[in-house]
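Visitor: Handing you this structure, nothing more for now.
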Amino acid sequence: MSKKIVVVGSCMIDFVSYAPRLPEAGETIHGHKFVTNFGGKGANQCVAAAKLGGDVALVARVGDDVWGPKYINNLKNEQIDTQNVRITENSSSGIAQIIVADSGINQIVIVAGANLSLSPKDVLDSQPLISLAKVLVLQLETPVETAIEALKLCKGISILNGAPALAQYNLELLKLPSIFCVNESEASVFTGLPVNNVCEAEIAAKLLISKGCQSVLITVGAEGAVYLSNDPSKKLLHVDSPKVKSIDTTGAGDAFIGALAFCLANYDHISMENAIKAACIVAADSVTRLGTQISFPGPEILQNVL
Ligand code: ADP
């Protein structure tokens, strides 16, 4: 059964404690609120595309703890095909233990757990699904060799979100995807250049193209995104994001990538400029609400846009 969008990536559960301040080493303090959220870049991007009405499948791994089946249910509730979300025996699900202090600063420990067992074999086992996808989406919270295997099987458009960023990497990671997409800090790690504004993002995009990328998309927060392709006839683009009152930018990049995948999978002749504009509209809307997956908008956001 083919799906227009296939995401190969991570599922994480965020355990978030809110406390007056961060504890010192060895100290125990009382927090005042605790929430659990479904996260992980792979699942977030999947949910963003599904909420817009995308036909989406996820290839991922969760643990054999209580969280694995709960995560799969969450994906099913978003109408995501979970046939290729497998349970790893004797492993915890991926988790992020987050403490947020009243001042807004935080402390995070991530245990990737079952995400580390998402293997090239899992990708080969999902071969028909991946090969038939119009758009394949990947990130780097699961093993790099798994992402590379999936990129090799892809016959459609592939989007690699280079997050978390790697200072040392196989150049295939840049060369294989149709679109290499990162935020400013990730672009800085991949290039070794400072990337703090649109102008520096444009310089980083040019360097990434010279290293072999087919096209580069760098998101620059409230300033939108910069896009450059290796086709010399195409000009460098800077697409603005709508001006909004930002409440919580967590997951903005994931909303952006999910929306980009949705546009490229569903509108055959859409220009990259229009697909990026739509992705900015979706991501900007998501920052006006608290949370990650729960902040992603539904199809109405793109009603008069596409
Ligand atoms: P990440 O979430 O990965 O750090 P960015 O901060 O670059 O990525 O944000 C991704 C996209 O989200 C941006 O390209 C933009 O479209 C949108 N966005 C993020 N922050 C804002 C903001 N304050 N106002 C409007 N749009 C925003």
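The values are calculated or read from the model by the stated rules, or taken from the named source; none is laboratory data. Because the structure is a prediction, the values reported are computed rather than measured. Here the Cβ positions follow ideal geometry from the backbone for every residue, glycine too, while neighbour counts run over all protein chains shown. The protein model used for the area step is the full one, side chains on, heavy atoms only, and it has no ligands, DNA or RNA in it. Shrake-Rupley method; radii C 1.70, N 1.55, O 1.52, S 1.80 Å.
Visitor: Could you check region 164-184 and list, in sequence order, the residues that are touching a residue at least 40 places away in the same chain (Cβ under 8 Å) and surrounded by fewer than 20 Cβ atoms within 10 Å (Cβ to Cβ)?
Guide: Leu171
Visitor: While we're looking at this one, here's another question. Which one of these does Lys3 not meet: (1) over 18 Å from Ala133 (Cβ atoms); (2) among the charged types (D, E, K, R); (3) modelled with pLDDT under 95?
Guide: Among (1) over 18 Å from Ala133 (Cβ atoms); (2) among the charged types (D, E, K, R); (3) modelled with pLDDT under 95, the lone unmet condition for Lys3 is (1).
Visitor: Which ones in region 185-199 are in a helix (DSSP H, G or I) and either away from the ligand (no atom under 14 Å from the Cβ) or open to solvent by less than 50 Å² (accessible area, probe 1.4 Å) (or both)?
Guide: Residues satisfying the conditions are Glu186, Ala187, Ser188, Phe190, Thr191, Val198, Cys199.
Visitor: Here's another thing I want to ask about it. Give the residues of region 126-153 that are over 23 Å from Ala165 (Cα atoms) and not aliphatic (A, V, I, L, M), sorted by residue number.
Guide: Result: Ser126, Gln127, Pro128, Ser131, Lys134.
Visitor: While we're here: Can you list residue pairs whose Cβ atoms sit under 7 Å apart, with the first residue in region 211-236 being open to solvent by 30 Å² or more (accessible area, probe 1.4 Å) and outside any loop (DSSP other than H, G, I, E, B) and the second being β-branched (Val, Ile, Thr) and within 16 Å of the ligand (Cβ to nearest atom)? Count only pairs 6 or more apart in sequence or on different chains.
Guide: Glu223/Val198
Visitor: Just to verify a result, which residue in region 219-241, among those that are within 6 Å of the ligand (Cβ to nearest atom) and out of contact with any strand residue (DSSP E or B) (no Cβ under 7 Å at 6 or more places or on another chain), is nearest to Asn196 (Cα to Cα)?
Guide: This residue is Gly221.
Visitor: Evaluate the following for Gly53: is it in a loop (DSSP other than H, G, I, E, B), closer than 22 Å to Ile301 by Cβ and open to solvent by 10 Å² or more (accessible area, probe 1.4 Å)?
Guide: Here the answer is yes, as Gly53 does meet what is asked.
Visitor: Let me ask something else about it. Any idea which residue in region 248-305 is most open to solvent (accessible area, probe 1.4 Å), counting only those that are charged (D, E, K, R) and closer than 21 Å to Glu78 by Cβ?
Guide: Taking the candidates together, the pick is Glu300.
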